[in-house]
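For reference, the structure is listed below as structure tokens.
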Amino acid sequence: MPERPRPNSNLKGNADESRLVPLTLAGLVCFVTAVALGYGGWLLFGTHAREEPERPAELRQSPPAPATPEATPATAARNESAATAPAGELPVPGGEVTLGGEGTGLPLRRVIVKPFIVAETETTNEQYRDYLKETGHPAPPNWKEGEFPSGAALEPVAGVTWQEAADYCKWLSGKLGVTVRLPTEAEWELAARGPQGLKYPWGNEWDARAAASTETGGRVRAVKSYPAGRSPFGAYDMAGNVWEWVEDEATDAEGRPKLEGGAKLRVIRGGAATEPRAFVSATARYEVREDKGSARLGFRYVVVRGDGAANSNAP
């Protein structure tokens with residue numbers, strides 16, 4: 001019987017090797033693919049920190065600041081008894097004032113003044129025009145067609161009678177919801193002279209840089225033109241510029257109201273730009289008919305609480 005041929009071992013090895021190469025290549029491809037897919041997924045969905053090159057300084061921006069509430073005008077510290085007032089008004093803590101005596105023809109009297117708030121400036125033409133527009137009240141005689149002279153918006157309104165000044169205060173009371181009125185003479189004097197009782201709002205020596213008077217040209221100026229002349233509480237022009245109406249009636253030594261031509265006399269204070277320095281001070285005082293205005297006479301107001309009572313005669 002002839003011998004059967006045996007399988008060729010070399011052929012078998014070659015076949016196995018030929019099959020191994022594609023399997024190896026396929027595995028390598030799968031591995032590379034898996035690595036690539038895994039890295040791509042990490043890039044897309046991972047939580048790694050992505051580094052960026054630093055931007056030039058001129059392109060860097062600070063993070064936006066957190067939003068804050070809109071600023072509102074700050075309210076200055078005030079005595080508990082004083083009213084709250086808008087910007088442009090100054091708290092006066094109250095105190096004792098001595099009125100009368102030398103040069104007034106009146107007996108000395110002590111007045112206790114309660115806390116109040118005084119207007120920082122004399123009432124201006126611009127402020128008074130707002131009042132006229134709302135009320136239809138007649139304009140001062142030096143205005144034309146209801147308008148103040150050109151360039152005079154910030155000058156103190158003048159030419160108003162005592163009653164017209166008082167009516168403006170009443171109108172402003174309604175606008176602010178507090179009691180607004182002309183200052184009493186004692187309030188005016190305390191606001192102008194301070195607790196020290198100064199001769200001038202700025203001190204006891206004359207300073208031509210501090211007030212409008214004949215020494216500075218004799219012309220009424222815009223309010224706040226003389227910051228050196230502010231009073232101890234910060235009020236402007238309480239000496240010079242224009243005389244200022246106060247609440248008080250003029251009285252004789254017996255306390256009886258003074259009359260002239262059937263009209264009451266009222267007290268005005270402070271002097272005016274048309275006066276020489278001898279009549280421009282925190283002690284300057286005069287008495288005029290309440291129904292007569294003047295081109296050198298204006299006013300400022302005070303704000304008070306409650307019934308508006310601000311002073312009383314001390315025992």
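Throughout, read-outs are computed from the coordinates displayed, never taken from laboratory work. Given the structure is predicted, the values throughout are model-derived calculations rather than measurements. Cβ coordinates were reconstructed from backbone atoms using ideal geometry, including for glycine residues, and neighbour counts include every protein chain displayed.
Each label point was placed 7 Å from the Cα along the Cα-to-Cβ direction; for Glu126 and Asp207 their separation is 2.6 nm. Only the Cβ atoms of Lys and Arg (+1) and of Asp and Glu (-1) were treated as charged; on that basis the dipole of region 193-315 about its Cα centre amounts to roughly 400 debye. Anisotropy class assigned to region 136-215 is oblate, per the alpha carbon gyration tensor with a/c at or over the 1.5 cut-off and a/b no larger than b/c.
According to the square roots a ≥ b ≥ c of the eigenvalues of the Cα gyration tensor, what is the shape class of region 85-157, taking rounded for a/c under 1.5, prolate for a/b larger than b/c otherwise, and oblate for the remainder? Note, shape of region 85-157 comes out prolate.
Ordering Leu90, Pro138, Asn241 by Cα displacement along the dipole of region 89-313 toward the positive end leaves Leu90 in first place; charges were set at the Cβ atoms of Lys, Arg (+1) and Asp, Glu (-1).
Report note on the peptides 255-262, 267-274, 193-200, 119-126: ranked by the mean count of other C-beta atoms within 10 Å, highest first, their order is 267-274, 119-126, 193-200, 255-262. Measuring r between the beta carbons of Glu260 and Glu145 and using R0 = 41 Å, the FRET efficiency lands at 0.80.
The charge dipole of region 89-313, taken about its Cα centre with unit charges on the Cβ atoms of Lys, Arg (+1), Asp and Glu (-1) only, comes to about 200 debye.
Among Ile112, Ile117, the ranking by other beta carbons within 10 Å of each residue's beta carbon, starting with the fewest, stands as Ile112, Ile117. Starting from the Cα gyration tensor of region 89-313, take the square roots of the eigenvalues, sort them a ≥ b ≥ c, and report rounded, prolate or oblate (rounded when a/c is under 1.5, otherwise prolate if a/b is larger than b/c, else oblate). Rounded, because the longest to shortest axis ratio a/c is under 1.5. The modelled label-to-label distance between Lys175 and Glu215, using points 7 Å beyond Cα along the C-beta direction, is 3.5 nm.
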